[in-house]
Amino acid sequence: MTLHTERMGRNDALRAARLRRGWRTIEAAATALTKHGQQLLDEHQFTVSARTWRRWEGERPGWPAEETAVVIHDALGRWPEDLGLPPPPGWIRPEHHEEEQVNRRAFTSVTAAALVAGPIAPQQVDPALVGYFQQQLEGHYRADMFLGPHDLIGTVSAQYQLMDKLVRSARGETRRGLLRAGAAYAALVGWLYQDAGDIDGASFWRGATQEIAIRSRDPHLIGYSLVNQAQVRTDLGDGHAVVELCEAALDDADRLVPKVRIMAMQQQAHGASLTGERRTVDQLLDQADRLLPRVDDDLPWGNACRRTPGYLEVQRATCYGRLGLGEEAGSLWTQVLAGVPETARRDRGVYMARQATAAAAAREPDQAVEIARAVATIAVETRSARMRRELSTLERAMHPWHDAPVGRDLAGILAPVTEGSWPWARKRCRTRRSRSAWPHCRAGCAQGTRSLARSGSATTAASR
């Protein structure tokens, strides 16, 4: 009975991380972390006692000082809250502050593309420019499949800025055509930010999409913009908001082309999966499937249902995985992956990561680890934020085996992904930083970039 009580009160997550590091005793761990911290911070006064570590592995571990949290992350590859230590209110991971500083200039320049101040000198706008921008859009979609978001955000947003300038001089149908094209470009920029893992940038551009869609008076684009907003809420794990936005898009469904209705239905299915409604998921996706043969419009945006192999089965498999239906999700992922070309590296990697999570849910940890081995390689090569989020979801699904050999294998496989995710940490710690330079933890400091929901990303290429 005593042994059982002690085991229930033990912080197994930190203990497992210590053992994976080769620190067999608490005393050895405290000594090693002290040495690591002194080197990392260039601070010889930094110490962690065995008594402190023992408390961390106990029932009430408390929270370390912020510089100690950074040392723990650098030594173990995980932040303290991922190792069983409950964070205090207002805690923001230091990389959020650092990333905000590093990315502020780029973020400002990209969002500025939608916020150009007037007055703008009037100019003649040739109606042929509408067709030009529409033709360019398909090329951007295809480039995204091979390049990823980081190489395209600047290019696409610069073209949007040019359209915004032209709209101010255009009149009549040319103006409306440029507004429609501009909404599609804004939606693509929003998708690129979301794919890159920047939910703030995605939210800004999704809002810009909706504004321009409303100005265009195009009911199809307005519905499309609502689905775009629902995608952001899906990544935030807000199932009810997803359903509400998609229902709003479908309020006047008879006026919408079939592909917009399909997009709204499949996204609403994601919302239903977040609220645990498997029957609703199937009903919505079955309805969308019956509409697929009717997609025949020539609109240049939102064509993922035509371009993506097994489009609706990808959504169903993702929803099933979120619902914890491991065997059914795994079977669907096998079917989907058979039709995804090897050249579509990022989509394959994301799908395989979800397949691995489904295997873990089906109590097949060895299969999950074998799949993860291939995904980790792709994640490092592509720097895909979506893939890293999916691998984090896999880690949580594999927690029952974290102290078993298969769990240690997974930690080793994912180490390059974790280590490569935050280059700021290695760079910043090469020079000595004063204590006042570390970000402060207080309730009012939540100004940094929001992290994506722990429920795992549901984003697919559905918006493109």
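The values are calculated or read from the model by the stated rules, or taken from the named source; none is laboratory data. Only a predicted model underlies this, so the values are computations on that prediction, with no experimental measurement involved. Every residue, glycine among them, receives a Cβ derived from its backbone with ideal geometry; neighbour counts consider all protein chains shown. What goes into the accessible areas is simple: the full protein's heavy atoms, side chains included, and nothing from ligands, DNA or RNA. Shrake-Rupley method; radii C 1.70, N 1.55, O 1.52, S 1.80 Å.
Among the candidates GLY302, GLY326, GLY321, which residue alone is open to solvent by less than 50 Å² (accessible area, probe 1.4 Å) and either farther than 22 Å from GLY239 by Cβ or of a type in the set (Ser, Thr, Tyr) (or both)?
GLY302
Determine which single condition ILE92 fails, assuming it passes every other condition in (1) at pLDDT 90 or above; (2) under 20 Å from ALA385 (Cβ atoms); (3) β-branched (Val, Ile, Thr).
(1)
Which ones in the range 142-183 are surrounded by fewer than 20 Cβ atoms within 10 Å (Cβ to Cβ), touching a residue at least 40 places away in the same chain (Cβ under 8 Å) and β-branched (Val, Ile, Thr)?
THR174, the sole residue that qualifies.
Can you confirm whether the range 227-245 contains a residue that is over 30 Å from ARG322 (Cβ atoms) and assigned to a loop (DSSP other than H, G, I, E, B)?
No, the range 227-245 contains no residue that is over 30 Å from ARG322 (Cβ atoms) and assigned to a loop (DSSP other than H, G, I, E, B).
Let me spell it out: the conditions are (1) surrounded by 24 or more Cβ atoms within 10 Å (Cβ to Cβ); (2) under 17 Å from the mean Cα position of the chain (by Cα); (3) among the aromatic types (Phe, Trp, Tyr), and PHE204 meets all of them except one. Which number is the exception?
Here PHE204 clears every test but (1).
Could you list, ordered by first residue, the pairs with Cβ atoms under 7 Å in which the first is in the range 395-414 and touching a residue at least 12 places away in the same chain (Cβ under 8 Å) and the second is open to solvent by 30 Å² or more (accessible area, probe 1.4 Å) and aliphatic (A, V, I, L, M), at least 6 apart or interchain?
ALA397/ALA361
Can you report the number of residues in the range 187-221 which are among the basic types (Lys, Arg) and either without any contact (Cβ under 8 Å) to a residue 40 or more places away in the chain or in contact with a strand residue (DSSP E or B) (Cβ under 7 Å, 6 or more places away or on another chain) (or both)?
Final tally of qualifying residues: 2.
Can you tell me which condition TRP191 does not meet? The list is (1) under 18 Å from ALA304 (Cα atoms); (2) of a type outside the set (Lys, Arg); (3) outside any helix (DSSP H, G or I), and all the others hold.
So TRP191 meets the others, but not (3).
Do we have any residue at all in the range 366-377 that's open to solvent by less than 10 Å² (accessible area, probe 1.4 Å) and either under 30 Å from GLN287 (Cβ atoms) or in contact (Cβ under 8 Å) with a residue 60 or more places away in the chain (or both)?
Within the range 366-377, none of the residues are open to solvent by less than 10 Å² (accessible area, probe 1.4 Å) and either under 30 Å from GLN287 (Cβ atoms) or in contact (Cβ under 8 Å) with a residue 60 or more places away in the chain (or both).
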